[in-house]
Amino acid sequence: MMVSLRRIALAPLVAGVLVAALAAGAAPVAVTGAFARSLFTPLAKSPELWATVDVCNAPHHPNTIGIRGSMPSDGHPRDAMYIRFLVQSLDATTKQWADLGKSADSGFVPIGSAASTRQAGRTFEFKPTPSAYTLRGQVEFQWRRNGRAVHLVSVPTTAGHKSLAGAEPKGFSAAACVLP
């Protein structure tokens, strides 16, 4: 059985974090699988990993939110990159974000080889309502090797990013979108 040096090096860090959390009175949490890998992967800290709202009720796309994500290479050109776009709504009372469901979920979409950084985006159109509501995107990035997820990172939309295509107006980047 081969064990990677990276896993050996991370073991004390993971143990230290879990011990510190338990000492602080936190409930025990099992950290396993792709989620555990995403917590410690350099991909999660890459400046090339981001999500943004690049369309918000624009003239050519009324009642629409556009979400775009940028995904860095994981250094394995044969890996495949997948991205998932979810629209979330802000509950005005609780100030919590909640997924809107299947009609506002792209599912995982293949965007190509992990040989280089890639961007992709999706738009979601909504029916107008009597009152305004606030939306944002939650984007999940997945790197797969031989059909199996090896990295998974999920981030909410933030402002200040440069979309290579699709932004309306050109250069638009926001954390959230208010639709009528």
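The values are calculated or read from the model by the stated rules, or taken from the named source; none is laboratory data. Everything numeric in this text was worked out from a predicted model, so none of it was measured. FYI the Cβ positions are ideal-geometry reconstructions off the backbone, even for glycines, and counts take in every protein chain you see.
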Query raised in the report: Considering only residues of the stretch 150-168 that are modelled with pLDDT of 95 or more, surrounded by fewer than 18 Cβ atoms within 10 Å (Cβ to Cβ) and more than 12 Å from residue 84 (Cα to Cα), which is farthest from the chain's Cα centre (by Cα)?
Result: 160
Query raised in the report: Name the residues in the stretch 96-146 that are more than 19 Å from residue 177 (Cα to Cα) and touching a residue at least 60 places away in the same chain (Cβ under 8 Å), would you?
Result: 117, 141, 142, 143, 144, 145
Query raised in the report: For residue 87, which of the numbered conditions (1) surrounded by fewer than 16 Cβ atoms within 10 Å (Cβ to Cβ); (2) closer than 16 Å to residue 179 by Cβ; (3) among the β-branched types (Val, Ile, Thr) fails to hold?
Result: (1)
Requested in this report: Go over the candidates 136, 148 one by one and state the one that is charged (D, E, K, R) and in contact with a Pro (Cβ under 7 Å, 6 or more places away or on another chain).
Outcome: 136
Requested in this report: Kindly indicate whether any position in the stretch 90-105 is in a strand (DSSP E or B), in the same structural domain as residue 167 (by TED's automatic domain parsing) and closer than 20 Å to residue 171 by Cβ.
Outcome: no
Report summary line: So, first residue under 20 Å from residue 103 (Cα atoms) in the stretch 56-77, second residue at pLDDT below 95 and among the hydroxyl-bearing types (Ser, Thr, Tyr), Cβ within less than 7 Å, six or more apart or across chains; the pairs are 68/163
